[in-house]
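The values are calculated or read from the model by the stated rules, or taken from the named source; none is laboratory data. In this text, all values refer to a predicted model and were calculated from it rather than measured experimentally. Cβ placement follows ideal geometry from the backbone for every residue including glycine, while neighbour counts extend to all protein chains displayed. In case anyone asks, the SASA skips ligands and DNA or RNA and just uses the protein heavy atoms, side chains included. Shrake-Rupley method; radii C 1.70, N 1.55, O 1.52, S 1.80 Å.
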Amino acid sequence: MFSEWLPDVPTDYLFSFFLMYSVFGWICEEIWCTIAFKKVVKRGMLHGPICPIYGFGALSIWFFLYPFRNMWIPLFFASMLVTSLLEYFTSWLLEKLFHAKWWDYSEEKFNLNGRVCLLNSFAFGIGGLAFWHLLHPFFEQFLYKEIFAPYIPLVARILSAILSVDIIVTVRKLVDFTATMEKFKAYGEQLKERFDGEEWFQNQSFRAMLESIKNRANVDKKNFSSHFLESLEKYEQKQKSVEYWFKKFPTMTSKSYSKQIEHFRSYIQQKSKKNDKTLD
């Protein structure tokens, strides 16, 4: 019975629709976040202008909500439910894999564990209506033009190869990010173990620890080996390797690396202020 109302779409066209909605979703999120943060924020985990979660969301509405396509109110609430479940699951899965909550709606009203919130779900509900009555008819009319038919299979394969490479590179960067955060956490624990009890040592945050040690080394350098000072400099340089992710996901949180995340957020904010002063 389930297969009786599922739309029958060739794989190449299905993938093409997925890409179109992923790119369209990326554009919408860029506009939304630029307005919200009052600056351009490059969204999405991948390097290309694409957010696959929107592609999956659109396909979920297309396939699972096909029977509701002409019933506006049921379609609205069903779209809210399906897309919110997808966003919640994606957030949970990414946190399990990489130990960070990449977006956090904890400060939004009516949120669920910071993974989804009513405002976004409402927007997804409207998106479901727009999908069936505006977007999909337009994309369908565009993609099914006879002039494109001979090229769809080849273009789909080329783009799938590019997307696959992008995913592989991104996953490697995510693994490196997690490894770097773990190293910072271990290094912070080493610093606390070594200097706790010293009057000058501040351990309120990772940033405070680094600053207090650097300040102490400036006035009492003989008590710090050159190897230790080099390691301090090395970890300061490593900050740049994770700055990329914090710029993409400003609301990122983590139970495992809470102090380290606050350190990097503070570091980026301070760096941004210095850059603004330089421009002035």
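Yes or no: region 33-40 includes at least one residue that is open to solvent by 30 Å² or more (accessible area, probe 1.4 Å), among the polar types (S, T, N, Q), within 17 Å of I167 (Cα to Cα) and not in a loop (DSSP other than H, G, I, E, B).
Pass one, region 33-40, residues open to solvent by 30 Å² or more (accessible area, probe 1.4 Å): 34-40.
The next check asks that each one be among the polar types (S, T, N, Q); those that pass are 34.
Of the ones still in play, those that are also within 17 Å of I167 (Cα to Cα) are none.
Within region 33-40 (the criterion being open to solvent by 30 Å² or more (accessible area, probe 1.4 Å), among the polar types (S, T, N, Q), within 17 Å of I167 (Cα to Cα) and not in a loop (DSSP other than H, G, I, E, B)), the answer is no, since none of the residues qualifies.
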Which condition breaks for G44 when tested against (1) touching a Pro at 6+ places or on another chain (Cβ under 9 Å); (2) among the small types (G, A, S); (3) part of a helix (DSSP H, G or I)? (3)
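Condition first: touching a residue at least 24 places away in the same chain (Cβ under 8 Å) and out of contact with any Asp or Glu (no Cβ under 7 Å at 6 or more places or on another chain). Now tell me which residues in region 96-106 satisfy that. Show your work before the answer.
Going residue by residue through region 96-106, those that are touching a residue at least 24 places away in the same chain (Cβ under 8 Å) are 97-106.
Result: L97, F98, H99, A100, W102, W103, D104, Y105, S106.
Taking T180, is it touching a residue at least 12 places away in the same chain (Cβ under 8 Å) and out of contact with any Phe, Trp or Tyr (no Cβ under 8 Å at 6 or more places or on another chain)? Give the steps one after another, and end with the answer.
Numbers: touching a residue at least 12 places away in the same chain (Cβ under 8 Å): yes; out of contact with any Phe, Trp or Tyr (no Cβ under 8 Å at 6 or more places or on another chain): yes.
So T180 fits the description; yes.
Taking the residues in region 104-145 that are of a type outside the set (V, I, T) and part of a strand (DSSP E or B) as candidates, determine which candidate is least open to solvent (accessible area, probe 1.4 Å). Can you show your working first?
Just the residues of region 104-145 that are of a type outside the set (V, I, T), to begin with: 104-115, 117-125, 127-145.
So of that shortlist, the ones also part of a strand (DSSP E or B) come out as 111-112, 117.
Numbers: N111: 53, L112: 95, C117: 5 Å².
My answer is C117.
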Determine which member of the set F224, F148 is over 30 Å from L94 (Cβ atoms), at pLDDT 85 or above and not small (G, A, S). F148
Restricting the search to region 200-231, which residues are surrounded by 11 or more Cβ atoms within 10 Å (Cβ to Cβ), of a type in the set (A, V, I, L, M, F, W, C) and more than 29 Å from the chain's Cα centre (by Cα)? W200, F201, I213, A217, F224, F228, L229
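Go through Y54, Y13 for me and flag whichever is in contact with an Asp or Glu (Cβ under 8 Å, 6 or more places away or on another chain), part of a helix (DSSP H, G or I) and closer than 22 Å to E140 by Cβ.
Values: Y13 fails: in contact with an Asp or Glu (Cβ under 8 Å, 6 or more places away or on another chain).
Of Y54, Y13, the one residue that is in contact with an Asp or Glu (Cβ under 8 Å, 6 or more places away or on another chain), part of a helix (DSSP H, G or I) and closer than 22 Å to E140 by Cβ is Y54.
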